[in-house]
Amino acid sequence: MPTKELVTIFRTRKSKILTTIAVILLVVAAILYKLADRYLIEHVEVKVTPNTSITQGTSTGTGTSSGSSSSPSSETSSNSTPSSSSSGGTSASTTDTNAGNDDWNYKDDNETISIKKVETGSGSDMITYYVADVTFNGKMNLLTAFAKNSFGTNITQNTSTIAANNNAVFAINGDYYGFRSDGVVIRNGTVYRDEPARVGLAFFNDGTMKSYDEEEVSTKDLLAQGVTNAFSFGPALVTDGEIAGDFSHVEIDKNFGNRSIQNSNPRTGIGMIAPNHYVFVVVDGRSTGYSRGMTLTEFANLFKELGATEAYNLDGGGSSTMYFKGRVVNNPLGKGNERGVSDIIYIPQS
């Protein structure tokens, strides 16, 4: 074959190879951008102005950041407290103090907050969790706030940062609505998202809470019934005083990276004992010898033992955080490092 023809063939093949590589690189770049746009790049849909009314917006406040995320050190006592179903009959050691305003208790004219640290089991089966017992004397002063005062996707801040910015005395992480594009999101009386997808949680202005099927109850009906806040995560753990169902296989999201969440994990949940009487539970986990976390079944059983007539599972894992009086009281993932979240549930400092 003549040399000129060989050169032409070589150049043609080289051109095809370069074109193929360029196309592959463009496809990879497009995929990477799409993933970044979905999971990393902030998208602000609504800028929220902090407010003082539960029917208008989040509580105003100029609290400064605590700058601390370490677990508190405190002595344990043998006072009777609920224990996890995984304890195998082992008595739970608890952190407790007398009622009053200190590192574990808070009281003002409208609310009383008491927090206990509970440890059950031992070795690889050890579980550490925190229970906040909250009673509202008049109105239910339970508010919500978004990271950076913005509703949208991929907008995150640490629970402690959002709490401090809103002058919170107590806070837990919410449902991390920003990780998904569906669900019903009502915050402080305003509907931000109306894409029914799962069993949600509704707070009412009479001091009660109830899980509900988002696909069966409209946001219009929710607001008419006096709903102030609605969260979309789940599952419901306790309904009408009984364990809500079988938790052998539960999936919250249908997007990339979704997996069943029934195994032992860090947990955040909220339960209602009676109108205006709530328990908030944060379970540490994924840390051998400190806390393995709880299964959904154990978590549901714990809320029932605490006396909850209604209970609901919120976002867990690295998000699970409890904030009280300027500090993070639990130990996220056993490393003391918070993970940014989309939103919090909090009680403002009076």
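Mind listing the Cα extents of segment 281-349 along all three principal axes, in Å, largest one first?
34, 29, 20
Arrange the peptides 122-132, 215-225, 295-305 so that the one whose residues have, on average, the most other Cβ atoms within 10 Å appears first.
295-305, 122-132, 215-225
Once you put a point 7 Å from the Cα of Ser248 and another 7 Å from the Cα of Val27, both along the Cβ direction, what distance in nm separates them?
Taking the two extended label points, one gets 4.1 nm.
Past the 23 Å Cα-Cα mark, which pairs from Lys107/Lys139; Lys47/Lys210; Lys117/Lys139; Lys117/Lys304; Lys139/Lys325?
Table pairs above 23 Å Cα-Cα are Lys47/Lys210; Lys117/Lys139.
List the residues, sorted by chain then number, that are 5 or more residues from Tyr192 or on another chain and whose placed amide H is less than 5 Å from its amide H.
Under 5 Å from the amide H of Tyr192: Val185, Ile186, Arg187.
Phe204 to Ser122: extension gain in nm, 0.36 nm per residue of separation minus the Cα-Cα distance?
Extra length available between Phe204 and Ser122 comes to 25.5 nm.
Quick one: order Thr190, Thr159 from most to least accessible surface, probe 1.4 Å.
Greatest to least solvent exposure: Thr190, Thr159.
List the residues whose amide H sits under 5 Å from the amide H of Val250, counting only those 5 or more places along or on another chain, with H placed 1.01 Å from N in the peptide plane.
Ile261, Gln262
Over segment 187-290, average the accessible area per residue using a 1.4 Å probe and give it in Å², no decimals.
43
If you roll a 1.4 angstrom probe over the protein chains with everything in place, what fraction of the accessible area of segment 152-268 belongs to carbon and sulfur, to the nearest %?
Whole-percent figure for carbon plus sulfur exposure: 44.
If we count every other residue with Cβ under 11 angstrom of Thr228's Cβ, Lys/Arg +1 and Asp/Glu -1, where does the sum land?
+1
What is the P(r) of segment 225-350, as percent of Cα-Cα pairs per 5 Å bin from 0?
Going out from 0 Å in 5 Å bins, segment 225-350 shows 2, 10, 19, 23, 22, 15, 7, 2, 0, 0 percent.
For segment 193-207, list residues with backbone N below 17 Å from a point placed 7 Å from the Cα of Ala224 toward its Cβ?
Answer for this model: 205.
Please list, in chain and number order, the residues 5+ apart from Leu237 or on another chain whose amide H is under 5 Å from its amide H, with Hs placed from the backbone.
When sequence neighbours closer than 5 places are left aside, the close amide H contacts are Ala311, Tyr312, Asn313.
Compute the length gained on full extension between Glu195 and Glu45: take 0.36 nm times their separation in residues and subtract their Cα-Cα distance, giving the result in nm to one decimal.
Contour length minus the Cα-Cα distance gives 52.5 nm.
Taking θ = phi - 60°, what integer Hz values does the Karplus form 6.51 cos²θ - 1.76 cosθ + 1.60 yield along segment 206-222, in sequence order, with x for Gly and Pro?
8, x, 10, 9, 7, 7, 7, 8, 4, 7, 10, 10, 7, 5, 4, 5, 4
List, in order, the whole-Hz ³J(HN,Hα) value for each residue of segment 106-123 obtained from phi through the Karplus relation with A = 6.51, B = -1.76, C = 1.60 and θ = phi - 60°; use x for Gly and Pro.
Residue by residue, segment 106-123 yields 8, 8, 9, 5, 10, 9, 10, 10, 9, 10, 10, 9, 10, 10, 10, x, 7, x Hz.
The values are calculated or read from the model by the stated rules, or taken from the named source; none is laboratory data. Computed from a predicted model, the values in this text were never measured in an experiment. Please note: Cβ atoms are built from the backbone with ideal geometry, for glycine as well, and neighbour counts cover all protein chains shown. We work out accessible area using only protein heavy atoms, side chains counted, and drop any ligands, DNA or RNA first. Shrake-Rupley method; radii C 1.70, N 1.55, O 1.52, S 1.80 Å.
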